[in-house]
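Here is the structure we will look at, set down as structure tokens.
What follows draws every value from the coordinates through simple rules; no lab data is involved. Fair warning: this is a prediction, and the values are worked out from it, not measured in the lab. Methodologically, a virtual Cβ is constructed for each residue, glycine included, from the backbone with ideal geometry; neighbour enumeration extends over all protein chains shown.
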Amino acid sequence: MKLGILINEGPYQHQASDTALQYVKAAIEKGHEIYRVFFYNDGVNNATRLATPPQDDRNITKEWSALAKNHGIDLVVCVAAAQRRGILDKGEAERNGKDSDNIEEGFRISGLGQLVEAGIQSDRLITFGD
Amino acid sequence: MSEDAIIKKFMYVNRKSPYGTIYALESLEVVLITAAFDQEVSLTFTDDGVYQLMKDQKTDGIGMKNFSSTYAALGDYEIKKIFIDKESLEERGLVLSDLQELVWEDEDEDYAEKSSINLVSRADLSKIMNEQDIVMSF
């Protein structure tokens, strides 16, 4: 089955991203296709490579990044939600006159149309949120 | 658009009060984009989400942008189905006339204005949700 994933909460504060991560891993193991993972609301905070959780804790952002690298999963961060919350790639940082970017490898910033497209193209769209 | 052949039923379920969290505002942003993709879009307001449609919102005192006028534009985006959870209204001591009147224009009837608002019971709402392809909850 082709699955679209929507994550609406930030890491650590809320379980949504952890649960989505486990779900996506399980889905891949069972042979399903992940069409796209879309990060919205505070979910965009999953994309910052500047987060430094304690060493004995999980690093959710790194885990997403590894999934993207190993399985070619498309991780998309909503541009409008990201701008509000200070999540930037190089291009966005330059466009907005900021002195640095902070997006983790494997994530990309794009518009809400990517979420709608995931809804249209996937067999199921599954929301992880509050 | 490459996916113009596919039209799905998207329902957005709004459950939170308008300014306590950002869910209401960011839900509205997805709704408008979805309509721009020519999908069949409906909205449900339930729980504290019914407060999102309250008339005469004034936000000066809390320093936040009043976005409630955007709901009136939904009809222009061909969003004609707005479902209000009857029990949620009643639980909060509200009646329909406390909410904005949302309309769409029927071009087949000389652009007559028709109400987009449907007051439905939770039991009926669950049936309507079952008919959707995509339900996103904010």
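None of B:Phe83, B:Phe10 is more than 14 Å from every other protein chain (Cβ to nearest Cβ), aromatic (Phe, Trp, Tyr), closer than 18 Å to B:Met129 by Cβ and in contact with a strand residue (DSSP E or B) (Cβ under 9 Å, 6 or more places away or on another chain) except B:Phe83. Return yes when A:Leu88 is without any contact (Cβ under 8 Å) to a residue 24 or more places away in the chain, more than 10 Å from chain B (Cβ to nearest Cβ), aliphatic (A, V, I, L, M) and under 17 Å from A:Leu50 (Cβ atoms) and no when it is not. Yes.
All of A:Ile87, A:Ile109, A:Ile120 fail the test of being crowded, with 19+ Cβ neighbours inside 10 Å, over 15 Å from the mean Cα position of the chain (by Cα) and farther than 14 Å from A:Val24 by Cα, apart from A:Ile120. Where strands (runs of 3 or more DSSP E) fall wholly inside the range B:70-128, the ranges with 3 or more residues that are touching an Asp or Glu at 6+ places or on another chain (Cβ under 9 Å) and under 18 Å from B:Thr46 (Cα atoms) are B:81-85, B:117-120. Being within 12 Å of chain A (Cβ to nearest Cβ), touching a residue at least 60 places away in the same chain (Cβ under 8 Å), under 12 Å from the mean Cα position of the chain (by Cα) and outside any helix (DSSP H, G or I) is the filter here, so list the residues in the range B:13-51 that pass it. Selection gives B:Val13, B:Arg15.
Of the set (1) hydroxyl-bearing (Ser, Thr, Tyr); (2) closer than 21 Å to A:Glu117 by Cα; (3) away from chain A (no Cβ under 11 Å), all apply to B:Ser68 but (2). In the range B:114-138, of all residues being over 13 Å from the mean Cα position of the chain (by Cα) and without any contact (Cβ under 8 Å) to a residue 24 or more places away in the chain, the one that is nearest to the other protein chains (Cβ to nearest Cβ) corresponds to B:Asn130. Restricting A:Gly113, A:Gly97, A:Gly119, A:Gly129 to residues that are among the small types (Gly, Ala, Ser) and more than 9 Å from every other protein chain (Cβ to nearest Cβ) narrows the list to A:Gly97.
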